[in-house]
Structures are given as structure tokens and as C-alpha cells.
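I have placed the structure first, in the form of C-alpha cells, so that the comments after it can refer back to it.
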Amino acid sequence: MSEQNNPRRAFIAAAGAGVAGLGFTAIAPGLHLMAVAQAADATTNSPAARKAGEAASSAVRWGLLVDATKCAPGCTKCVEACHTENGITEKMPDARQNSQWIRKIELVDRRNGRKTELPMMCQHCANPPCVDVCPTGASMKRADGIVLVDRHSCIGCRYCMMACPYKARSFVHAPLTEQNPEVPRGKGCVESCTLCAHRVDKGQNPACVEKCPEGAMIFGDLMDPNSAISKRIASVPTTQVRSDLRLDVGVRYQGI
Amino acid sequence: MSSSLTSRNEAGIFYVLAAIGGLVTAVGLGSALYMEHAGHVVTGMNNQIVWGIPHVFAIFLIVAASGVLNVASIGSVFGRVIYKSRAPLSGLLSIAMLAGGLAVIMLDLGRADRIIVAATHFNPTSVFGWNVILYPGMFAIVAVYIWTMMERRMNAYSKPAGFAAFIWRILLTTGTGSIFAFLVARQAYGSALLAPMFIIMSFAWGLAVFVVVQAAMYFWNGMRLPPLVLQRMKNLLGLFVAATLYFTAVLHLTNAYFAKQTAFEYFLLFDSEFSALFWVGQVLIGSIVPMILIWSTTGQRMTWVTVAALLVIFGAFVQLYVFIIGGQAFPLDIFPGYDVKSSFFDGQVDHYTASLPEILLGLGGIGIAFTAITIGVRVLRFMPQDDVQHLETAGAITD
């Protein structure tokens, strides 16, 4: 029996090729994601972009300023942008079970009937009740002030939803499909506005800010006195929603 | 003992009861699996009412599990003899109900499969985090306590073990009440009063469960509870029910006094689906009627005291439903002074209808407790042994 037609050798060779193929199949998505990430880094030359592996810095505190006087009645562009960016596509039979990371609220002043509209989302508190109550530490605040849920350690107890004074959190009530790879979500976990952390880390604005046709939202570093957001907050009266709770929120409102 | 069940019948009834308990437990576990697979979309819970009927069952079982140990504490810690003979049974009921309650609360988690994460990641600022230590600790302490009582050589240690269990369960129920007491977001909660209130609730509910189980065991064995024991226990039950009602009144009056809470109190007490439940279910049927049954002449008969205890248990479920569901149904006051509306139902009162799977999950918790109690009282010696004649002579029982 020659070496060429030894069936055992042929089997081992084929199995080896198969294992190598499987191995490549297993690591290929990772390699692809790395290439995507590198390409994305290359497209954003913003100095604020954070390199992969570099920790978020406590020298910045990301925040939002919403000018409610500019927020157009009936406009939901920010909500749509958020849903597209974060892959929030599910529609439950009971609408109260749908996730909403950002929503438009219509306010009517009971004294004079004055109407105001504004987008409401996680307020990214400096003292977040959701982080205090989370039994596993899945609810956490990044060094740069962004409040997030670690999807790997959230057990879905919903205590954070009981604790949030802004109704900012949603619970994923059913299996999900068509997710954005940069924004992993999952059935049985709690989630909320991430301030588009994946975009912010690339030096981009959150999707809602970018898509607002009225320019009603400013995103920036609250600790930098020269940032646009800090300058505006220093020059006009702004409001922290439920300021009585002393949560020191990262999202401020103008004109309410 | 002519009225007692023959041993053959007794064995038959035991297997029937154990089978019923096992079946209810199996159906509950099946429901949990279904919820785990499909997601909470198959429940009535949503993003406004995030805790539902499973939490009503779980919190009842956990609170009553703490309170039922009161019987043991009165015996071991405070030296009352008639309670001492009931201490092992009280420990068994405590462990069984705690197991049932914890099973429900864990199986309701969105990611019940990550229970190991809850056990290995600890956030010291979370009341739930404390409970991850308090609940398993309760199992261990009560198990040791029962051991010291039932193993003759360990009897000398039963008093310190009982004292440890007494302290631990006060902490445990403080922890359960504090789950709500530490919430600033919703008008219904966020009151330090809730911690002591949960403790007194636990006394009433736990004793009510004890009275019912004890009545069933005496019936099973064709025995009659000594009148003096009945007298003591029903008076104590009445006192705890009255104290719970007092705390309820103080909680609502305090809230009604604060302008920022008035709208919620009006909603809960007079203008919602929860109002009738509160007044008729919790106050009338769950508190006043039992007190009348206990303290009128009907209270001399075991049957009526048992009925009173059953009504207290019914009232407890109604109270928790009103407290947990009613507290979440009222919209968050994010913008005081404004009428608000949104696609996320801001400003709207929510309505909750429990679905079958979540009800079955809750009943599964009762099934676990029931099965554990049935097997426990059958295979071990938990039947209270009273020597009333001797006690009366010694003057240990006084009214």
C-alpha cells in the first residue's frame, strides 16, 4: 500500500483540514469584527475617540442638554434614530412590553395650559438609584458618567426599574433578532439609553443628538468649561428633572 | 381514639397530599420553564408594572416564613413552655415557606439561569444584595436550630441557636421591608416605616399559617388542641392583626398628610380597582372579621380560630397585591404640576392582569412549601407534645 492511497492518512489529512476549517470559521467573525473596529477607528479622527482597551476617563463627564423650546411638536426623529442605531425593532402584542430607550413626552402646565415637548431618556445620574439597588452590580456607572447595564451579569430582577424615578429602563420581554452587533441586547435583561456609548467612544455624538433636525440637543463634557454644553449651561437657566432627589443628573433641560 | 384516622387511611391520605403538593410544584416549575423560554411576554407584567403576582406569592411566603418562627422564639428565647413544644414545627414551616418563596422569586428572574451570578457578584448597597446573604443564612440557622431541638445531645445549645434565629429573622424581615423602603422613585414606597411594618406583618401571617397547619395536624391525629393553648395563640394572633392594621393606618395617614403623596393615596384608597380590595379584602375580611372571630365567643372554638387564621392569610395576599401592584399602577410623578403623556404611557394609570403561567408559578411556591411540610411532619416528630395537666399545676400557663 503506497503512502498516497493509505486510507488512514487520507482520513487524518481530511480531519485535519476539517478542524482547521472549523477553527477558521470560529475565529473568522472575531477577525472580521476587529477589522471593522479598526476601520471605524480610522474614519473618526476626533481627539475624543477612545482606543479599544483604554479605560473610560473620570476626567470627563458626558452629558446632554435638551432645549425644550426648540423641540418640535410631534417630531420623533430622535426616537427613530435611537431605535435604528440600537436595533430596537421588536413590537410586542402589548405595547407596554416594548423597550423604549428614549420617548417624547408632552407636558401641559396645569396652571396655564402651556404645552412643552421633550425627549426623555436615562438621565445618567451621578448618584444613580439603579446602581445602588442592583444586586449583582450589573447596573453600573462608567468613569465618564455613562450609566450602563452589563448584559452579562444582569439577572433580570427588575429592581432597577422599581428604583428609577424617570421610568428610563425597559425589560426585554421576548427573544430578539436583527440586533446591532455593537449594541448587544437580550431577552430577560434590563436595558436603557447608553448615551450611544459605542458612538461616543469613537468620538461621535449620540444618534438622537445627530439626527435632531432642530438642533435641540447638545452633547458634550460637563467637566470641560470650554465645551459647548458647559458654556450653554453657564449662560442660560437649565433644569435637572426631579432635582429634589439630588441625583445630579447628566441630562439637563432648558425651557421647562 | 375513635375519631382518629386508621393508620392505613392515614398513609393513604399522606400519599394523596404529597402527590397533590408534588403536582402543584411540577406545574409551577413547568410554568417557570415556559416563561424562561418565551420570555415575560407571556405574563401580565410590563415596563410599568415590573413586579407582579409571582412577587405577591414570593413575598408572602418569605415574610410568613420569618414570622412563623415567632412561635419558636417565644418558646426558646422567652421561655414560654407551650410554645417550646411547638418550636420544631415552627422551624419546619419556616424552612419550607422560605424555600417556596425563594424558588418563586428566583424562577421569575429574567435570567434565572444566572443565579450563580447573583451568588458570586455582591453589591453591598443593594437591599437585594443583602438578601442574597440573609435568605440562605436563614436556612442554615433554622436548620441548626431544629437540629439542636430534635437531637437530645444538642438540646443545651437550642437556646443560643434560637436566639440567633430570632435576631436573624428580624434582620431578614427588615431586609424584605427595606426592598420597598429604599425606593425613592415611587410614591407608594420609600418609607422607613415599612421595615418594622413588615416585621409585624410577618408575626401575624406566620402565626396564622402556624394555626392552620397545627389545626390540620391535630385533626389528622384525631386530637383536640388544649383550650389554654388555643386561648394563648388566638389572642396573640388577634394582637398581631391589630398591630398590622395600626401600621397600615399610620402609613396611609402619613402619606395622605404630605401634599406630594395625596394624589396617590386618593387613587389607592378611593379611586381605583385597588380601593375595594383594600377596604373589603385587606381591612374588613383580612383584619376586622378575624379579630371579631377571635375575640367574640366564637373564639373559644378551634374551628373559628382556624377560619380567622385563614382569613388573615387571605387578607395578607390582598394586602400584598394592593401594596405591590397598586403601588406600581400609579404613574411616576416625573414632572410635578404638569399633565404628561407619551408613547411609554407616562401619566397613565396602568392595569395589570396576571396571566396563567405566572399564577401557576406563584402556586408552585405554595406547592413546594406544602410538600415539604407534608413530608416533614410525616417522617419526623414535629407534632407538639403538651402535658397541659402538668403545666397547669406548675403554673406555667397563665392567661
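Just so you know, all these numbers are worked out from the coordinates, no wet-lab data involved. All values reported here derive from a predicted model rather than from experimental measurement. Virtual Cβ from ideal backbone geometry, glycine too; neighbours counted across all protein chains shown.
The set of residues from segment A:157-206 being of a type in the set (Phe, Trp, Tyr) and part of a loop (DSSP other than H, G, I, E, B) comprises just one member, A:166.
Screening residue A:145 with (1) buried (at least 23 other Cβ atoms within 10 Å of the Cβ); (2) within 21 Å of residue B:48 (Cα to Cα); (3) in contact with a strand residue (DSSP E or B) (Cβ under 8 Å, 6 or more places away or on another chain) gives one miss only, at (2). Listed here are the strands (runs of 3 or more DSSP E) enclosed by segment A:78-156 that have at least 2 residues being farther than 30 Å from residue B:37 by Cβ, aliphatic (A, V, I, L, M) and facing chain B (nearest Cβ under 10 Å): A:102-109, A:115-121. Return yes when residue B:139 is touching a residue at least 24 places away in the same chain (Cβ under 8 Å), of a type outside the set (S, T, N, Q) and either over 25 Å from residue B:45 (Cα atoms) or in a helix (DSSP H, G or I) (or both) and no when it is not. Judged against the criteria, residue B:139 is a match. If residue A:244 satisfies all but one of (1) over 30 Å from residue B:44 (Cα atoms); (2) touching a residue at least 24 places away in the same chain (Cβ under 8 Å); (3) within 14 Å of chain B (Cβ to nearest Cβ), what's the number of the condition it fails? The one condition residue A:244 does not meet is (2). Beta carbons closer than 9 Å, at least 6 apart along the sequence or on distinct chains, pair a first residue in segment A:157-178 that is at positive phi and facing chain B (nearest Cβ under 7 Å) with a second that is basic (Lys, Arg) and surrounded by fewer than 22 Cβ atoms within 10 Å (Cβ to Cβ) for A:167/A:103.
For residue A:130, the criteria (1) within 15 Å of residue A:196 (Cβ to Cβ); (2) in contact with a strand residue (DSSP E or B) (Cβ under 6 Å, 6 or more places away or on another chain) hold in every case but one, which is (1). State which residue is nearest to the other protein chains (Cβ to nearest Cβ) when the search covers only segment B:25-37 and only residues that are crowded, with 20+ Cβ neighbours inside 10 Å and over 30 Å from residue B:187 (Cβ atoms). So, considering only residues that are crowded, with 20+ Cβ neighbours inside 10 Å and over 30 Å from residue B:187 (Cβ atoms), the one nearest to the other protein chains (Cβ to nearest Cβ) is B:32. Here is the figure for segment B:322-364: residues that are aliphatic (A, V, I, L, M), more than 12 Å from residue B:49 (Cβ to Cβ) and more than 9 Å from chain A (Cβ to nearest Cβ) total 6. Checking every residue in segment A:192-203 against the condition of being touching a Ser or Thr at 6+ places or on another chain (Cβ under 8 Å), within 11 Å of chain B (Cβ to nearest Cβ) and surrounded by 23 or more Cβ atoms within 10 Å (Cβ to Cβ) gives at least one match.
Filter segment B:75-116 down to the residues that are without any contact (Cβ under 8 Å) to a residue 40 or more places away in the chain and among the β-branched types (Val, Ile, Thr), then identify the one that is surrounded by the fewest Cβ atoms within 10 Å (Cβ to Cβ). Going through the qualifying residues, I end up with B:116.
Could you check segment B:256-273 and list, in sequence order, the residues that are closer than 15 Å to residue B:187 by Cα, crowded, with 16+ Cβ neighbours inside 10 Å and of a type outside the set (Asp, Glu)? Lay out the reasoning, then the answer.
Residues of segment B:256-273 that are closer than 15 Å to residue B:187 by Cα, as a first pass: B:256-269.
Pick out the ones that are also crowded, with 16+ Cβ neighbours inside 10 Å and you get B:261, B:264-265, B:267-269.
Scanning segment B:256-273 gives B:261, B:264, B:267, B:268, B:269.
When segment A:175-234 is limited to residues that are within 27 Å of residue A:133 (Cα to Cα) and among the β-branched types (Val, Ile, Thr), the one that is farthest from the chain's Cα centre (by Cα) turns out to be A:190. Reported count of residues in segment B:38-73, each being facing chain A (nearest Cβ under 9 Å) and either touching a strand residue (DSSP E or B) at 6+ places or on another chain (Cβ under 7 Å) or in a helix (DSSP H, G or I) (or both), is 6.
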